[in-house]
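The values are calculated or read from the model by the stated rules, or taken from the named source; none is laboratory data. Small disclaimer: the values here were computed from a predicted structure and weren't measured. Neighbour counts are summed over all protein chains in view; Cβ atoms, including those assigned to glycine, are modelled from backbone coordinates with ideal geometry. These area figures cover heavy atoms from the full protein model, side chains too; ligands, DNA and RNA do not enter into them. Shrake-Rupley method; radii C 1.70, N 1.55, O 1.52, S 1.80 Å.
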Amino acid sequence: MKSYELLLHDNKDWAANKQNDDPDFFDRLLHVQTPEFLWIGCSDSRVPPNEITQTEPGEIFIHRNVANLVINTDVNVLSVLDYAVNHLKVKHVIVCGHYGCGGVKAAMNNHDFNQVLNMWLRNIKDIFRFHRNELEAIEDDGTRLNRLIELNVEEQVFNLAKTSIIQRAWKREQRPDLHGWVYDLKDGLIKPVFEMKAGTHIDPIYEYDNL
Ligand SMILES: [Zn+2]
């Protein structure tokens, strides 16, 4: 059996087992999707959101990209955010990075990865520049990388708060709360590193006054 055929084979097993354990499982999900959480995570195959949080289909709305970035001009992430906040009415948005992230690591060196990846990683280089003093004071390469990974998550939470999507929901419905987490590949534990409750004020230049 080819590797991708194994996926299809295992999918059949999974569906049969689900049906067996809980005969209403698929029927229930078919008619309603009411996840409480939007998860913005890294595409890294070792950080599967449902598995590490022991959640089921239907519980988390998920967007993943390289190094879990929230970019102001990224129609993809902003569409997901808009839908999750305005239609699914999620109560929490979680940005979850992970220690040892290859995307963040790539941004820390001076290698040319060609245009598209260079464009993406530039956003992380900017975060390094904001925190250059703190980061350069860290001698160990791995520790410095992991600190940038935490700072990246924090910055992406700020990026969420800068959007009119979040600010409008904060003003009208006092939700969602924003969370910055980092998953540790070494022990499977998630460390919360930053939190922004609904309604938090940010640098006034980013706050819209006609929402
Ligand atoms: Zn990663």
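Odds and ends about this structure:
- Evaluated with a Cβ-only charge set (Lys, Arg +1; Asp, Glu -1), the chain carries a dipole of roughly 460 debye about its Cα centre, given to the nearest 20.
- Taking all pairs of distinct alpha-carbon atoms in segment 57-100, Kirkwood radius in angstrom: 11.5 Å
- Inter-label distance for ILE202 and GLN174, nm, one decimal - labels placed 7 Å from Cα along Cα-to-Cβ: 2.2 nm
- Sparse-neighbourhood loop sites, trypsin sites (Lys or Arg not before Pro) in segment 100-162 - DSSP loop, at most 11 other Cβ within 10 angstrom: none
- In plain terms, the chain from MET119 to ILE62 could stretch by 18.2 nm, reckoned as 0.36 nm per residue minus the Cα-Cα distance.
- The 1.4 Å probe gives accessible areas that order THR55, THR34, largest first, as THR34, THR55.
- Violating pairs (Cα-Cα greater than 25 angstrom) within the set LYS2/LYS186; LYS162/LYS186; LYS12/LYS89; LYS89/LYS171; LYS18/LYS89; LYS89/LYS197: LYS2/LYS186; LYS162/LYS186; LYS12/LYS89; LYS18/LYS89
- Site pair LEU29 and GLU139 shows an inter-label distance of 5.1 nm when each label is modelled 7 Å from Cα along Cα→Cβ.
- Across the options CYS101, HIS31, LEU211, the greatest Cα extent toward the positive end of the charge dipole of the chain (unit charges at beta carbon of Lys, Arg, Asp, Glu) belongs to LEU211.
- Descending semi-axes in whole angstrom, ellipsoid equivalent of segment 130-209, from the Cα gyration tensor: 29, 16, 7
- Accessible area (Å², per residue) of segment 102-162, counting only protein heavy atoms and a probe of 1.4 Å: 58 Å²
- Computed with a 1.4 Å probe on the full set of protein chains, the accessible area for LYS91 sits at about 110 Å².
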